[in-house]
Amino acid sequence: MAELVVFAICAASAVASGIAVFVVDSMARATFALLASFVFTAVPILLLGLSYLGVLVVLMMVMEMMIMVIFMVMYMMNPAGLMPMTMVHNKAGALAISVGTFVALAAGVLLVPWPTSTAAPPADPTLALGEAIMGEKMLVMMLVGMVLFATMVASIVLATHRGRYARYGDDLRRKHPDDPIRGGVGR
Amino acid sequence: MILELFLLLAAALFAVGLFGALSQQSIVMIMMGLELMINAIIVAAAAFWFYTSADRPDGQVLVLVAITAMAVEMAMGFAVTTAIFRSRDVDVVDSAGDLKDAP
């Protein structure tokens, strides 16, 4: 019973703070509302006994939102919300589509006869997960590692101001790089 | 507690995220909508693991993949935002309408 109450409070708060993300004026407030939504959704995951994954979501999201606040302040014209503004397009259409999606999903949730299982969860789900990703699910872990590495390379390439094509020309045939300041000694 | 409650929470989060991703103009706000949608996937996958196959680790691995997808989405989203802001001073998607497919 206590679990159900905690779940209800956290679920309602998660959805409410998720809605607040797109309602508040300030970008910084929107980011912290999103952080609150993530923390509230981590609680139901913890209630399921997934202590490692729940804590992972909380820690990752706290870090991610701190970075996101910085980007918000960098790129948004109104980071502090000192004057009201709306930056939306086709609000009515988006609202209709999302309400329709929720109704369809909720109908599916309530109408589909979901399979039930009597299998008890393992005593330590984290141990089971660790054994899985180091055992029979190792391919998943290797792919995740490759994707994360590719992401690091690609995001640095995208965020770099001057790449090798800017320095050596489109066909990379320029003998000396076209730099604003020449490198090396004797400048 | 039952599976349906968790799936309803996931459906609500997904719908809110979808509204944000469709309606917001700012690129960073669209990313927030996408993150809410992936968060819904995490909740649904964790609930499916617990209620349908708690003795197998597959559901947990799916949660792990969804968390990774979230991190990748965030990193690449900010890299793309930085690239397009640096080259064209664009911070809303409506200013980058020429990137869409020709009809």
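None of the figures in this text is laboratory data; all of them are computed from the coordinates on show. Bear in mind that the values here come from a model prediction, so they are computed numbers and not experimental data. Reconstructed Cβ throughout: ideal geometry from the backbone, glycine too, with neighbour counts over all protein chains shown.
In this simple spin-label approximation, A:MET138 and A:ALA96 carry label points 7 Å from Cα along the Cα→Cβ vector, and these lie 5.4 nm apart.
The mean number of Cβ atoms from other chains found within 10 Å of a Cβ in peptide A:167-180 is 0, as a whole number. Averaged over peptide B:43-54, the number of partner chain Cβ atoms lying within 10 Å of each residue's Cβ comes to 6.
Whole-Hz Karplus values for the stretch A:146-156 come out as 4, 5, 5, 5, 4, 5, 4, 4, 5, 6, 5 Hz, taken residue by residue from phi with 6.51 cos²θ - 1.76 cosθ + 1.60 and θ = phi - 60°; glycine and proline positions read x. 3J(HN,Hα) along the stretch B:64-76: 4, 5, 5, 5, 4, 4, 5, 5, 5, 4, 5, 5, 5 Hz, from the Karplus curve 6.51 cos²θ - 1.76 cosθ + 1.60 with θ = phi - 60°, whole Hz, x for Gly and Pro. Annotation: aspartates and glutamates with alpha-carbon distance below 17 angstrom to A:LYS137 (same-chain offsets under eight excluded): B:ASP55, B:ASP58. Working note: Cα gyration tensor of the protein assembly as shown, eigenvalues times five, square-rooted, sorted largest first, giving semi-axes of 38, 26, 17 Å. Taking label positions 7 Å along the Cα-Cβ direction at both A:LEU4 and B:LEU99, the computed distance is 4.8 nm, reported to one decimal.
Taking the Cα atoms of the stretch A:1-79, the ratio Rg/Rh between the radius of gyration and the Kirkwood radius comes to 1.05.
Taking trypsin sites (Lys or Arg not before Pro) across the stretch A:92-170, the ones in a DSSP loop with at most 16 further Cβ atoms lying within 10 angstrom of their Cβ are A:ARG162.
Listed values for the stretch A:173-183 are Karplus-derived 3J(HN,Hα) couplings in whole Hz (6.51 cos²θ - 1.76 cosθ + 1.60, θ = phi - 60°), namely 9, 4, 6, 10, x, 8, 9, x, 10, 5, x, and x replaces Gly and Pro. The slack in the chain from A:ALA16 to A:ARG182, taken as 0.36 nm per residue of separation less the alpha-carbon distance, amounts to 54.2 nm. Dividing the convex hull volume of the alpha-carbon atoms in chain B by its residue count gives 108 Å³ per residue.
For a label point 7 Å from the Cα of A:HIS89 along Cα→C-beta, name the residues of the stretch B:75-99 whose backbone N is under 20 Å from it. The answer is B:77-78, B:80-99, whose backbone nitrogens lie closer than 20 Å to the label point. For the residues of A:145-157, the average number of beta carbons from a partner chain within 10 Å of their own beta carbon is 3. Put a dot 7 Å past the Cα of A:ILE67, heading toward its Cβ, do the same for A:ARG164, and the two dots end up 2.6 nm apart.
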